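Only one structure is covered here, and it is reproduced in the block below.
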Amino acid sequence: MKFICSQKQLASAITIVQKAVSAKTTLPILKGILLETVGQKLKLVGTDLELGIEQTIDAEILSEGSIVISSRILGDIIRKLPDAEIEFQIDQDHNMVIRCENSEFALIGQPSVEFPELPVVEEEYSYQISQDLFKNMIRQTIFATALDETRPILTGVLMEIAESNINMVALDGYRLAFRQGTIKSYENSKAVIPGKTLSEIHRIISDEDTADVEIFFTDKHVLFQMKDIKVISRLLEGEFINYKQILPNEYKSRVKVNTRNLLDSMERASLLAKEGKNNLVRFSIKDETMTITSNAEIGRVYETLNIELEGQDLDIGFNSKYFLDVLKIIDSEEIYLEFTTNVSPCIVKPTDTQNYTYLILPVRLAN
């Protein structure tokens, strides 16, 4: 096996496929990246058996073949080499020689027959969504997935596709994030995608690339195709919570407030809230003012904001982290906060669009 390729292209591809390589695996082969010639292209593959990432790059193929090489070592070497052509030569015993300008490395690889094949996902019925929209939908939902594995289904994001609409929903038992968008689709579909997979896709999507993301499903796997990159992931099994039953249809108090002003006040209030046991901040809503307070053993913070209030006055408490998480990802200048009682969930919505809803449970306040 012998080929020549660009350092820049190869370094970029290694960085991407490395996202699927697990450092903790007990199987040595999974710590490697598969390099394989395909026509006049070089294919790189990384997998941890749950997630697989494949990318092809241009290369001058002088003789065909394949090898598995340590992901960490290969990545470190290629990133340190100069921006020039790199020549690779691999013999029958899986010995690899890398040459670039004045540098030469010799590495020992593993046979590719031991490397697990990625699941086959038939590319028959595809859904297409713009990269910008998909990246934004991931950003506005992924943070609300559960981190602990006690309910594995909640570590993923529900993706529902019906007609030309796509809904993405994440919840962890304390808050829920719902984002709606438009998609080119031919049939309805519903699946729960691991949060880790979407997190990696969010990192992979390039701001320069304007092509759509293509999505393909099987019963157990999903394939995301982006130009010369494929991301294949298992789907989470189980029944996702019926989120539509959780979202309230009415409110008794609605606050309109500037997003940036509320974010700034909450960040200051959280400085003391973090000193307490449950990050507690208290909202006192009355007339055209919302007061945010937090008490800790070392002191107290008091913030006031101008608001527009529709409905009843209210005192209610929240975990400041859960509120800050959503304020950081809302792009709208103003938001609505909708309340029913001081022990019922609060709904956060942008004032200028109906495509995003965030629900957060309150913390009970001591009398």
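The values are calculated or read from the model by the stated rules, or taken from the named source; none is laboratory data. Remember, predicted model here, so these are calculated numbers, not experimental data. Glycine gets a Cβ as well: all are built from the backbone with ideal geometry, and neighbour counts include every protein chain shown. Areas reflect the complete protein model, heavy atoms only, side chains present, ligands, DNA and RNA absent. Shrake-Rupley method; radii C 1.70, N 1.55, O 1.52, S 1.80 Å.
The conditions of being outside any strand (DSSP E or B), touching a residue at least 60 places away in the same chain (Cβ under 8 Å) and of a type in the set (Val, Ile, Thr) are not met by Ile4. Is at least one residue of the stretch 69-86 within 22 Å of Val231 (Cβ to Cβ) and free of Cβ contacts under 8 Å to residues at least 24 places away in the same chain? There is no residue in the stretch 69-86 that is within 22 Å of Val231 (Cβ to Cβ) and free of Cβ contacts under 8 Å to residues at least 24 places away in the same chain. Of the residues in the stretch 16-35, not one is open to solvent by 50 Å² or more (accessible area, probe 1.4 Å), more than 22 Å from Pro194 (Cβ to Cβ), assigned to a strand (DSSP E or B) and touching a residue at least 40 places away in the same chain (Cβ under 8 Å). Here the stretch 128-162 is the region considered, the condition is being basic (Lys, Arg) and in contact (Cβ under 8 Å) with a residue 60 or more places away in the chain, and the residue that is least open to solvent (accessible area, probe 1.4 Å) is Lys135.
Counting the residues of the stretch 208-234 that are over 20 Å from Thr182 (Cα atoms) and open to solvent by less than 40 Å² (accessible area, probe 1.4 Å) gives 4. A residue that is under 22 Å from Pro194 (Cβ atoms) and either in a loop (DSSP other than H, G, I, E, B) or in contact with a Cys (Cβ under 9 Å, 6 or more places away or on another chain) (or both) occurs nowhere in the stretch 55-68. Going by the structure shown, is Ile86 out of contact with any Gly (no Cβ under 9 Å at 6 or more places or on another chain) and either open to solvent by less than 20 Å² (accessible area, probe 1.4 Å) or assigned to a helix (DSSP H, G or I) (or both)? Criteria met by Ile86. Here Gln110 fits the description: touching a residue at least 60 places away in the same chain (Cβ under 8 Å) and in the same structural domain as Ile16 (by the TED database).
The condition of being at pLDDT 95 or above, in the same structural domain as Tyr251 (by the TED database) and open to solvent by 20 Å² or more (accessible area, probe 1.4 Å) holds for only one of Asn306, Asn319, Asn342, that being Asn306. Would the stretch 178-196 turn up any residue that is open to solvent by 50 Å² or more (accessible area, probe 1.4 Å) and under 24 Å from Glu50 (Cβ atoms)? Yes: the stretch 178-196 contains one or more residues that are open to solvent by 50 Å² or more (accessible area, probe 1.4 Å) and under 24 Å from Glu50 (Cβ atoms).
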